[in-house]
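K.L.:
This is the structure I want to talk about, given as C-alpha cells.
Just so it is clear, none of the values below were taken in a lab; they were calculated from the coordinates. Computed from a prediction, not measured in an experiment: that's the story for all the values here. Positions of Cβ are backbone-derived with ideal geometry, glycine not excepted, and every protein chain shown enters the neighbour counts.
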Ligand SMILES: Cc1cc2nc3c(=O)[nH]c(=O)nc-3n(C[C@H](O)[C@H](O)[C@H](O)COP(=O)(O)OP(=O)(O)OC[C@H]3O[C@@H](n4cnc5c(N)ncnc54)[C@H](O)[C@@H]3O)c2cc1C
C-alpha cells in the first residue's frame, strides 16, 4: 500500500482492499521532485505532513506494521520496494493532479516490467470525477449544477480499519527529507477527528451560514489541512454532520462549501491545463505589470489595504488564512496591483498549510475571473467595502496588524483618511507606522477592467482570423 494523500487507516478503501488480500507493506515515498518543486517548498505544510506521517506510523504500528519511508523517484523506489516485499500488487488511492497522473503512469509502467500490478482504489474526493460526467460528458464548469448532481450521491458507508496488519519488514529511510519542527496545528487522524467533533459539538456547524464570513468570529471548521493530507476523508465529515439534508440550513451551507473541494478537484482532473494557464483562453494574454516592489508589499502585508494585509500576515504567522481574506488578498493582487494571478497562486502554495493544487488554483482563477466564476471580469472586489461588511468592528484587522490597534472604528478600514491629529492619537502615523495604499483602488480597478477587455478583444480577433 503506497500512501500519498490518504494518510489514515480508517475509511481507507485502498488499505482495506490491500489488507483483505493478505500481507501488507505500508510505504510512503519522499519524492524529491515534489519536495523540491517551488509549489511544494512550503516549510509549514511539510512540517504538518511530517507530523501526519508520524501519526500514521503510530496508527499502523498499533495494527501490526510500521510505515516504511523510501527517498527517491517513485518510478524507481516503488518497484524496488515491491520486489523486496515480494508483492504482486501495489495499491494506491487515486490522485488526479497533472504531476500525480504522470508519476503514476511512470510507476505503473515500471512495475509492469517487474510483473507487479498497480491498482488505484478510491480517491481524495467524496465522489470520483468519473461518476459526475455532466450532460455533455465533460463534467461541470459551473458550480450550482455540479452541486445538484453531487448532492444526489449518497455518502458512502464507513470502511472500518483492518483488525490487524502483518507483512514482511523492509528498511526505512525515515522522515529526514522533511523539515522537523512543530506543525502549526495538531496533526494526524485523531487530531482531525477532534477538530471535526469540536466544530459540531460547539454548535459552530449550526451557525456556519452566518458565521463563515465573519472574519473575527472564525466560524469555520479548520479542516482544510486534514482533508488536504487525507488524514480525514470527506465522507467522514459528511457522516458526522448528517450530510445536510433534513438538518439545519447551516449544515446545508457547510455541505455545499465542502462540495467546492470536489468541484475544483474534478475540474483539474478534466482540465489539467488550468494548472498552468487561465481556463478562459481570452485571459491567457492579459498584460500584467508584475511590479516586484508591489508584489513584495503584498507578500509582506504592507499594501495599505488593511483587510488584505491582515490576511497575508495571518498566513505568514499561522499557515492558514480565512476564506474571505483569501478572496480579498487575491483580488487586490490581481485587480489592484496588476500582478499575474499565478505568482499569487505560487505564494499561497508556499504559505498555506492546506495548500492544495486544485483548490488553490480554483480559488485564484475564480477570483481573477479567468476560471469557473460565472460573474463577469468587470465585477471587482472593493477591499474597503469587503472589510466593512465582513469585519465590521475591525477586530480581525487589529488582531493581525497591531500598528492599527488604536485606530478608531470609523477609520479602521481606511486609516489613510485620518487627519494628522487622529493619527497621533491612534499611535499610527500613515507612511511611517503603516503605509498609505500603494495604489489608488478606483484608478486601478478601471485599468484592470481595460486590460481584461483588451485581452478579450484581441482574443476574439485572433479567433475570428483563424476561423
Ligand atoms: C485564492 C484562494 C485560494 C485558496 N486556496 C486553497 C487551498 O490551497 N487549499 C484549500 O483547501 N482551500 C483553498 N481555498 C478555499 C478556502 O479558502 C479554504 O478551503 C478554507 O478557507 C479552509 O478553511 P476551513 O477548513 O475552515 O473551511 P470551511 O469553511 O470549514 O470549509 C470546509 C471544507 O470545505 C472545503 N472548502 C471550503 N471552501 C472551499 C473553496 N472555496 N474551494 C475549495 N474547497 C473549499 C475545504 O476542504 C474546507 O476545509 C482557497 C480560496 C481562495 C479564494
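K.L.:
Can you give me the P(r) profile for the range 286-403? Cα pairs, bins 10 angstrom wide beginning at 0, each as a whole percent.
P.N.:
Reading the bins upward from 0: 14, 49, 33, 3.
K.L.:
On to the next question. What list do you get for 263, 378, 147, 305 if you sort them by fewest beta carbons within 10 Å?
P.N.:
If I rank by nearby Cβ atoms, fewest first, I get 378, 147, 263, 305.
K.L.:
Using r as the Cβ-Cβ distance of residue 300 and residue 80, and R0 as 45 Å, what FRET efficiency do you calculate, to the nearest 0.05? Numbers along the way, then the final one.
P.N.:
On the way: r = 44 Å, r/R0 = 0.99.
Calculated value: 0.50.
K.L.:
Would you work out the relative contact order for the range 281-458, in percent, from Cα pairs under 8 angstrom that are 6 or more residues apart?
P.N.:
Details: 238 pairs, mean separation 50.0, N = 178.
Once divided by the residue count of the range 281-458, the mean separation gives 28 percent.
K.L.:
To the nearest 10 degrees, how steeply does helix 189-201 sit against the main Cα axis of the chain, on a 0 to 90 scale?
P.N.:
50
K.L.:
Tilt of helix 74-85 relative to the longest C-alpha principal axis of the chain, in degrees (0 to 90, nearest 10)?
P.N.:
The angle comes out at about 30 degrees.
K.L.:
Mind checking the full-extension length gain between residue 466 and residue 201? Use 0.36 nm per residue of separation minus the Cα-Cα distance, one decimal, nm. Please list the in-between numbers first.
P.N.:
Numbers: separation 265, 0.36 × 265 = 95.40 nm, distance 5.94 nm.
Going from the current span to full extension adds 89.5 nm.
K.L.:
Show me the three semi-axes of the equivalent ellipsoid for the range 1-123, from the C-alpha gyration tensor (sqrt of 5 times each eigenvalue), largest first, rounded to whole Å. If you can, show how the numbers build up before the last one.
P.N.:
On the way: eigenvalues 86, 71, 34 Å².
Each semi-axis is √(5λ); the values are 21, 19, 13 Å.
K.L.:
Separate question: Arrange the peptides 410-418, 453-461 so that the one whose residues have, on average, the most other Cβ atoms within 10 Å appears first.
P.N.:
Working: 410-418: 18.9, 453-461: 14.0.
Descending mean neighbour count gives 410-418, 453-461.
K.L.:
Also: Calculate the spin-label point distance for residue 417 paired with residue 293, positioning each point 7 Å from the Cα along the beta-carbon direction, and give it in nanometres.
P.N.:
2.7
K.L.:
What number results when the radius of gyration of the range 160-294, computed over Cα atoms, is divided by 2.2 N^0.38 Å?
P.N.:
Details: Rg = 20.0 Å, N = 135, 2.2 N^0.38 = 14.2 Å.
Cα Rg divided by the expected 2.2 N^0.38 Å: 1.41.
K.L.:
Something else: What ranking do 119-128, 442-451 get when scored by the average of other Cβ atoms within 10 Å per residue, highest first?
P.N.:
Numbers: 119-128: 20.8, 442-451: 15.6.
Packing order, densest peptide first, comes out as 119-128, 442-451.
K.L.:
A further question on this structure: How many angstrom lie between the Cα centre of the range 394-452 and the Cα centre of the range 185-208?
P.N.:
35
K.L.:
Over all directions, average the projected area of the Cα convex hull of the range 215-291 and note it in nm². Don't skip to the answer; put the middle values down first.
P.N.:
On the way: hull surface 33.7 nm².
Its Cα hull, projected and averaged over all orientations, spans 8.4 nm².
K.L.:
Taking the range 166-220 on its own, what percent of its Cα-Cα pair distances exceed 20 Å? Working shown, then result.
P.N.:
Details: 795 of 1485 pairs.
Result: 54 percent of Cα pairs exceed 20 Å.
K.L.:
Treating the angle as unsigned and between 0 and 90°, give the value, to the nearest 10°, between the Cα long axis of helix 43-63 and the longest Cα principal axis of the chain.
P.N.:
Rounded to the nearest ten degrees, it is 30.
K.L.:
Right, something else. Please report how far the C-alpha centroid of the range 60-94 lies from that of the range 270-333, rounded to the nearest whole angstrom.
P.N.:
Their Cα centres are 38 Å away from one another.
K.L.:
Please compute the modelled spin-label separation between residue 446 and residue 21, points set 7 Å along Cα→Cβ, answer in nm with one decimal.
P.N.:
6.6
K.L.:
Write down the radius of gyration of the chain and its Dmax, each obtained from C-alpha positions, in Å.
P.N.:
Gyration radius and largest Cα-Cα distance of the chain: 23.6, 79 Å.
K.L.:
For the chain, what is the calculated [θ] at 222 nm in deg cm²/dmol (nearest 500), taking -39500 (n - 2.57) for each run of four or more DSSP H residues and dividing by its residue count? If you can, show how the numbers build up before the last one.
P.N.:
Working: 20 runs with 227 residues, N = 467.
The helix contribution divided over the chain gives -15000 deg cm²/dmol.
K.L.:
Then there is this: For the range 366-467, what size does the Cα cloud have along each of its three principal axes, sorted from largest down, in whole Å?
P.N.:
The principal-axis extents, from largest down, are 65, 23, 17 Å.
K.L.:
Right, something else. Students often get this wrong: which residues of the range 314-338 have the backbone nitrogen under 20 Å from the point 7 angstrom along Cα-to-C-beta of residue 433?
P.N.:
314
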